[in-house]
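S.K.: I'd like to ask some things about the structure below.
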Amino acid sequence: MKFFADTAEIADIKEMAATGLLDGVTTNPSLIAKSGRDFMEVTKEICGLTDGPVSAEVVALDHETMMKEAEVLRKIADNVCIKVPLTIDGLKTCNALTMDGTMVNVTLCFSANQALLAAKAGATFISPFVGRHDDNGSNGMDLIRDIRQIYDNYDFETEILVASVRHATHVLESALIGADVMTAPPAVIKGLFKHILTDKGIEGFLADWEKTGQSIV
Ligand code: G3P
């Protein structure tokens, strides 16, 4: 399963890239606003930190303007992936862009039928929002299971990009279901390294090593 960082914070992206775990980055208008940076400038900088796809979202609601915005965004770098909302105009834009060889991430997916439509429109990625689905009283991971089954039934190549990931269990279940990608805030990814028994184990080994009076370097 690929790991994307769901952030526009350069320091966090650099830190994750240094671990070798960074397969791409996703941003959205809220994350850009949170960064306080210029959209074009920060997106260009992020594209230079990974060879993987960097999702940059259009903000227009009509197909024609979405295409104009996508035209500007795709000139930023070769690894820009245009993010469009799951609407009729968004999927029209998805279809036009993917026919042209541009990567497209269809976002704000909350039903398996929406995911089916996105795959039929040729989406490179579909982004079901599991955390927001849970917030709304549904089970986000059930949605991922349904989409996995539908995509496998028809051999769709669209990759399932689990988004709105809030905790380690979302990551674990995504991997068990066979999602292609998950995107999470850096804090969630950092949390995956942690285990109390790892910390305790290191502590015990180091205490015993001290007693040997030896050093390796
Ligand atoms: O990838 C989508 C994500 O940014 C939304 O996450 O936590 O705002 O639902 P959240």
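S.K.: For Arg166, which of the numbered conditions (1) of a type in the set (D, E, K, R); (2) under 30 Å from Val104 (Cβ atoms); (3) open to solvent by less than 90 Å² (accessible area, probe 1.4 Å) fails to hold?
M.R.: Of the numbered conditions (1) of a type in the set (D, E, K, R); (2) under 30 Å from Val104 (Cβ atoms); (3) open to solvent by less than 90 Å² (accessible area, probe 1.4 Å), the odd one out for Arg166 is (3).
S.K.: Which helices (runs of 4 or more DSSP H) does the stretch 1-83 wholly contain that include 3 or more residues that are touching a Pro at 6+ places or on another chain (Cβ under 9 Å)?
M.R.: The qualifying helices (runs of 4 or more DSSP H) are 10-19.
S.K.: Right, here's the next one. Say we look at the stretch 104-113 and pick out the residues that are open to solvent by 50 Å² or more (accessible area, probe 1.4 Å) and over 13 Å from the mean Cα position of the chain (by Cα); which of these is nearest to the ligand (Cβ to nearest atom)? Let's see the steps before the verdict.
M.R.: Taking the stretch 104-113 as the starting set, the residues that turn out to be open to solvent by 50 Å² or more (accessible area, probe 1.4 Å) are 108, 110, 113.
Keeping just the survivors that are over 13 Å from the mean Cα position of the chain (by Cα) gives 110, 113.
Details: Phe110: 11, Asn113: 20 Å.
In this case the residue turns out to be Phe110.
S.K.: Still on this model: What number goes with the only condition from (1) over 24 Å from Ser30 (Cα atoms); (2) open to solvent by 90 Å² or more (accessible area, probe 1.4 Å) that Asp135 does not pass?
M.R.: Unmet condition: (1).
S.K.: Further question: Out of everything in the stretch 132-186 that is within 13 Å of the ligand (Cβ to nearest atom) and among the acidic types (Asp, Glu), what residue ends up being farthest from Phe3 (Cα to Cα)?
M.R.: Asp135
The values are calculated or read from the model by the stated rules, or taken from the named source; none is laboratory data. What you are looking at is a predicted structure, and each value in this text was computed from that prediction instead of being measured. A quick note on method: Cβ atoms are made from the backbone with ideal geometry, for glycine too, and the neighbour counts reach across all protein chains shown. Side chains included, ligands, DNA and RNA excluded: accessible areas come from the protein's heavy atoms. Shrake-Rupley method; radii C 1.70, N 1.55, O 1.52, S 1.80 Å.
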